[in-house]
1. Examine segment 166-178 for a residue that is part of a helix (DSSP H, G or I), of a type outside the set (Val, Ile, Thr) and either modelled with pLDDT of 95 or more or surrounded by fewer than 23 Cβ atoms within 10 Å (Cβ to Cβ) (or both), and state whether such a residue exists.
2. Evaluate the following for LEU248: is it assigned to a helix (DSSP H, G or I), of a type in the set (A, V, I, L, M, F, W, C), within 16 Å of the ligand (Cβ to nearest atom) and touching a strand residue (DSSP E or B) at 6+ places or on another chain (Cβ under 6 Å)?
3. Quick one: which of GLY122, GLY97 is touching a residue at least 40 places away in the same chain (Cβ under 8 Å) and away from the ligand (no atom under 13 Å from the Cβ)?
4. Pairs only if they're at least six apart or on different chains, beta carbon under 6 angstrom, first in segment 153-166 and within 8 Å of the ligand (Cβ to nearest atom), second outside any loop (DSSP other than H, G, I, E, B); list them, first residue then second.
5. Based on this model, can you work out whether GLY235 counts as over 20 Å from the mean Cα position of the chain (by Cα), modelled with pLDDT of 50 or more and surrounded by fewer than 17 Cβ atoms within 10 Å (Cβ to Cβ)?
6. Looking at segment 69-94, which of the residues that are within 16 Å of the ligand (Cβ to nearest atom) and among the aliphatic types (A, V, I, L, M) is farthest from SER267 (Cα to Cα)?
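The values are calculated or read from the model by the stated rules, or taken from the named source; none is laboratory data. Treat the numbers as computed from the prediction; the structure is a model and nothing was measured. Virtual Cβ from ideal backbone geometry, glycine too; neighbours counted across all protein chains shown.
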Amino acid sequence: MVRNFLLALSILLAAALCLGTPPHAGEASSLSRAGDLQAAQQNSLPGQAAASHPEQAPPVGPAPANPGATPQPTAPSPPPIVVLDPAHGGTDTGARGENGLAEKDVVLQIARTLQAQLITHGFRVVMTRSDDSNPSYDERAAIANGYRNAVFITLHVGSSGKIGTIRAFYDQFWPATGAVPSSSLPLVPGAKSAAAAANPGNLLISWQEAQRPYVADSQRLADALQLQFAQLFAGSPVTSSAVPLRDLRSVANPAVAIDISSIGAPSAESLLELSGPLSIAIEKAVATFQRGQAPSKP
Ligand SMILES: [Zn+2]
């Protein structure tokens, strides 16, 4: 019963993210994505998140500036690689607006703009898709997992909410851990997951568990983003939210979902205009996140 309740709750929450639908007002159009989540949660994939992937992409964009010969007490760490994930694609159109806009197209356009702007400002950026394809959740995650120092940002455009507001989410594992922060999960040096910590002989982790040891960092990144959104996009909340997100579950790096309101905008251009301040928000939030970064992973 409890599991069924949590499953139902997770479906509603996931629908609220993907389609911008408040948890108390589910709608039929949200069921496809909820179905994806349900299927993903019921079918634990074998394998390991650290496995090599043929689609691992090399870093794109200029390398971070070399501090050169200027003597400094400590060399600044390069910014993390930003992995931009335009959600949906192909036959999965995502949310659709009455004006004909399709979420899969809008998020791709926004991601392309963000990519260009972030590269201009010295970031290295990788896209999980650059066309109308629809990689699986794990294929998208594998791209991010190919990098030790990366942040994963999946982009959605929901179907409700005040147009021009943006929300940040991080993954909530269920059964919900309640007041137990993920940062309290034991970690074995060299291991990448709590599961591996529990079984030091096996450093391979389930795709379904990949995000678990990173949830605290993901929350920190989501909070940093949400603070920027509150300042740059009036009406946005000031704190991020946790929901069970299959998009993020297989990512072995800090990972967040960004939900832009909304697909009901009068035109694609009115949503694309958000890309500029969104890029600034990402830059500032990643910098804040990096300053507070715990010692880098082994
Ligand atoms: Zn979506």
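1. no
2. Here the answer is yes, as LEU248 does meet what is asked.
3. Details: GLY97 fails: away from the ligand (no atom under 13 Å from the Cβ).
Only one candidate passes the filter, namely GLY122.
4. Close Cβ pairs (under 6 Å, with a partner that is outside any loop (DSSP other than H, G, I, E, B)) amount to HIS156/CYS18; HIS156/ASP259; VAL157/GLU103; VAL157/VAL106; VAL157/VAL107; VAL157/ILE260; GLY158/LEU19; GLY158/ASP259.
5. yes
6. LEU84
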